[in-house]
Amino acid sequence: MLVVFSTRPLVQAVVWTPFDPVALPLAVKSPYLNVWLPQGNNAQPISNTWPFHWPSTPQHMLGWESIIAVDNVPYWLMGVGEFSGITNIAELNSVAFTNSMTYFNLTAGPVNVQLEWLSPLEVDDLTRLSIPFVYARVTASSADGKPHDVRVGLNFAADLISGDHHLSANASSIVNDDIVALKMQLQTPQPFVEVNDFPEDAAAYIATNNGIGVTYQVSNNSDGFPMGMANLTALPNTVDPTYSSHAPFDNYEIMVNMGNVLEVSPPTVFAIGVVRTPSIKYTDLSGAAQLRYPYFMANFSSDSELISFVLSDFDRSLDSAQAFDSNIMAAAMNISQIYADLLTLTTRQSLSALDVTISQTSDGSWNTSDVKLFMKDMGEVGSGGSVARVNAVSVLYSALPMYLYLAPGLLAHLISPLMEAQGSQLYTQPYAAQHLGVGYPNATAQNVEHNFGIEESANMLILVLAHAQATKDVSLASSSYALLRNWTEYLTVNALAPGQQQTNPLDGISISNQTNLALKGVIGIAAMGTISTLLGQIQDADMYNASYFAISTANSYMQQWLSLSKSADGSRILTAYGDETSTGLLYNLFSDKVLGLNLIPASVRMRTLSRHLILLLRCLSFATDL
């Protein structure tokens, strides 16, 4: 709660809906198109600040600018007005954001401007889910009842294609009857390399529909966008022939003449994308590498075809996004307004970390039946370190509620690469791996010892059962049954006495015999009992099941855990066995409930919930005092 909410004084009288966050989502669609507008203390409005690529440090600042010219007077809509001759800044009136959209209402002199960012969340369509493009839509209307000549432009530097700002890039245009697009790419791309969280092998695009009044330019900083907007009625439709000698932070600019505006103008729509192909290098334990490609490549054969589809799909995407947002909010409001508000930020995050991939056959065709999803640990929460893991199991577990609600079928595509890697005879650990390697976008199978055996083994069992229950598809559980059973046997030996093993790396707790970790291990055993039942493995089901009407491992362990984890006076659950100074935060109670195991007595759930609510109220009180 302290991370999400800010109670700082506003720079100006801006209306925020639903609240004023630490960062506003702008273009949040993929691991390498993840752009936010930092807020926090002393933040400036969008019309006087730079957006940032996540995680929003000075090294991640993006040279994204937008200017609107009203009767030949230019105003900054987005970016920092550092250029001579342009001192007017559009006044920000209000900000609103939903699960998939962010809205800015501004006033530029005598004109009202609506700037909207849409990050499509197409969970039921793998093609659209895999397309790493977002939209910016601009509309204008007269504020004084008089018509005004309006032009709007979008200008990017080539920041998103490299974290090394001294490298040279190539520039090109794609212009036909349907679209105007500008493409930027390093002269010497480095496949599967990141520098400061930026890819070194990407192509970035800005595009709009072609038509009367649409002009473009690629130029260096000395003759670029701001002066073009201030002094010209149109850009020259040129790409600087010497561009490749520049650093990549020059101007890619598209301007649209919106005409004389009185009522709300027809919208101007821009598409922004960052494409990498191939997108993942997947290496198994034998060292054999496979290149994985974006799923959408099975449907498009060229940049032009892809961008034309994206722009033509805007109206449908907008309708879909509004319906999606409405459904999410309606469901969340059944819980609380605060819960609904929090989802407006987290939904985009949960889906934007994904690359949806397919393989290519020996004859060059696309194998769309071979779908694998790879997740970048965007905040390094699955490692406790500074390098992003691939398909970090603890992050998948944390994101489980979102995927179960939105699209449980995606879970199989996320889990299957982990299962495939550990199903090899070369995998020798008795417990589940933590991830598929360090250094996204390289997914590399791991056969290494670690201190999270209980945590990750239970996570995997819970994830597999959750998928089977939600989709009624037991094929993933069936194909990996032997592996799941091995992990269950490991939990049977170790779960009740975790010793120095650790729970989620983000917790940062290293004390011995953590009750929350032991609880997850016991839940993992019970999950295997239900998996065995679903697959007709009767002997294993009887051994592991969570049932108070049968003698089973899970039931027996639960009774022992209750005895070990309670305080001496029986009033609370401890953080660690025997630590009477502690109180446990048992977030792993969630998985018992969502899987319907009913392993944990209601009295424990209610006692724990009461303590969680007390801590939450204290956090909210502290946040209000800041």
Conditions (1) modelled with pLDDT of 95 or more; (2) surrounded by 18 or more Cβ atoms within 10 Å (Cβ to Cβ): number failed by residue 171: (1)
Take the residues in the stretch 204-227 that are closer than 23 Å to residue 132 by Cβ and buried (at least 21 other Cβ atoms within 10 Å of the Cβ); name whichever of them is modelled with the lowest pLDDT. 218
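Determine, yes or no, whether residue 309 is over 30 Å from residue 434 (Cβ atoms) and touching a strand residue (DSSP E or B) at 6+ places or on another chain (Cβ under 6 Å). Lay out the reasoning, then the answer.
Numbers: over 30 Å from residue 434 (Cβ atoms): yes; touching a strand residue (DSSP E or B) at 6+ places or on another chain (Cβ under 6 Å): no.
Spelling it out, it is not the case that residue 309 is over 30 Å from residue 434 (Cβ atoms) and touching a strand residue (DSSP E or B) at 6+ places or on another chain (Cβ under 6 Å).
Test of understanding: among 34, 93, 105, which residue is modelled with pLDDT of 90 or more, buried (at least 24 other Cβ atoms within 10 Å of the Cβ) and not in a loop (DSSP other than H, G, I, E, B)? Let's see the steps before the verdict.
On the way: 93 fails: buried (at least 24 other Cβ atoms within 10 Å of the Cβ); 105 fails: buried (at least 24 other Cβ atoms within 10 Å of the Cβ).
Testing whether each residue is modelled with pLDDT of 90 or more, buried (at least 24 other Cβ atoms within 10 Å of the Cβ) and not in a loop (DSSP other than H, G, I, E, B) leaves just 34.
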Of the residues in the stretch 298-321, those that are farther than 23 Å from residue 180 by Cβ and in contact (Cβ under 8 Å) with a residue 12 or more places away in the chain number 3
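Do we find that residue 442 is under 19 Å from the mean Cα position of the chain (by Cα) and of a type outside the set (Gly, Ala, Ser) in this structure? Steps first, answer last, please.
Details: under 19 Å from the mean Cα position of the chain (by Cα): yes; of a type outside the set (Gly, Ala, Ser): yes.
Here the answer is yes, as residue 442 does meet what is asked.
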Among the residues of the stretch 376-388, are any closer than 16 Å to residue 414 by Cβ and part of a strand (DSSP E or B)? yes
Quick one: what pairs do we get from the stretch 434-447, first residue more than 13 Å from residue 420 (Cα to Cα), second surrounded by fewer than 18 Cβ atoms within 10 Å (Cβ to Cβ) and of a type in the set (S, T, N, Q), C-beta under 8 Å, 6+ apart or different chains? 437/283; 442/283
Is the stretch 551-569 home to any residue that is in contact (Cβ under 8 Å) with a residue 12 or more places away in the chain, of a type in the set (Gly, Ala, Ser), in a helix (DSSP H, G or I) and surrounded by 22 or more Cβ atoms within 10 Å (Cβ to Cβ)? yes
Filter the stretch 229-253 down to the residues that are in contact with a Phe, Trp or Tyr (Cβ under 8 Å, 6 or more places away or on another chain) and either part of a loop (DSSP other than H, G, I, E, B) or modelled with pLDDT of 95 or more (or both), then identify the one that is surrounded by the most Cβ atoms within 10 Å (Cβ to Cβ). 250
Within the set of pairs 6+ apart or on separate chains, which have a first residue in the stretch 180-195 that is without any contact (Cβ under 8 Å) to a residue 12 or more places away in the chain, a second that is of a type outside the set (A, V, I, L, M), and C-beta atoms under 8 Å apart? 190/200; 190/201; 193/199; 193/200; 193/201
Criterion first (at pLDDT 95 or above, in a strand (DSSP E or B) and of a type in the set (S, T, N, Q)) does residue 277 satisfy it? no
From the residues in the stretch 469-515 that are free of Cβ contacts under 8 Å to residues at least 40 places away in the same chain and part of a loop (DSSP other than H, G, I, E, B), which one is surrounded by the most Cβ atoms within 10 Å (Cβ to Cβ)? 497
Surrounded by fewer than 24 Cβ atoms within 10 Å (Cβ to Cβ), of a type in the set (Gly, Ala, Ser) and part of a helix (DSSP H, G or I) - does that describe any residue in the stretch 430-445? no
Does at least one position in the stretch 198-207 carry a residue that is within 23 Å of residue 114 (Cα to Cα) and outside any strand (DSSP E or B)? no
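Looking at 344, 368 in this structure, which one is crowded, with 18+ Cβ neighbours inside 10 Å, of a type in the set (S, T, N, Q) and either at pLDDT below 95 or not in a helix (DSSP H, G or I) (or both)?
Only one candidate qualifies: 344.
Can you name every residue in the stretch 111-164 that is among the basic types (Lys, Arg) and under 22 Å from residue 182 (Cβ atoms)? Quick ask: steps written out before the conclusion?
Initial filter on the stretch 111-164 (among the basic types (Lys, Arg)): 128, 137, 146, 151.
Scanning the stretch 111-164 gives 137, 151.
The values are calculated or read from the model by the stated rules, or taken from the named source; none is laboratory data. Here the structure is a predicted model, which means the values were calculated and not measured. So basically every Cβ, Gly included, is an ideal-geometry build from the backbone, and we count neighbours across all protein chains shown.
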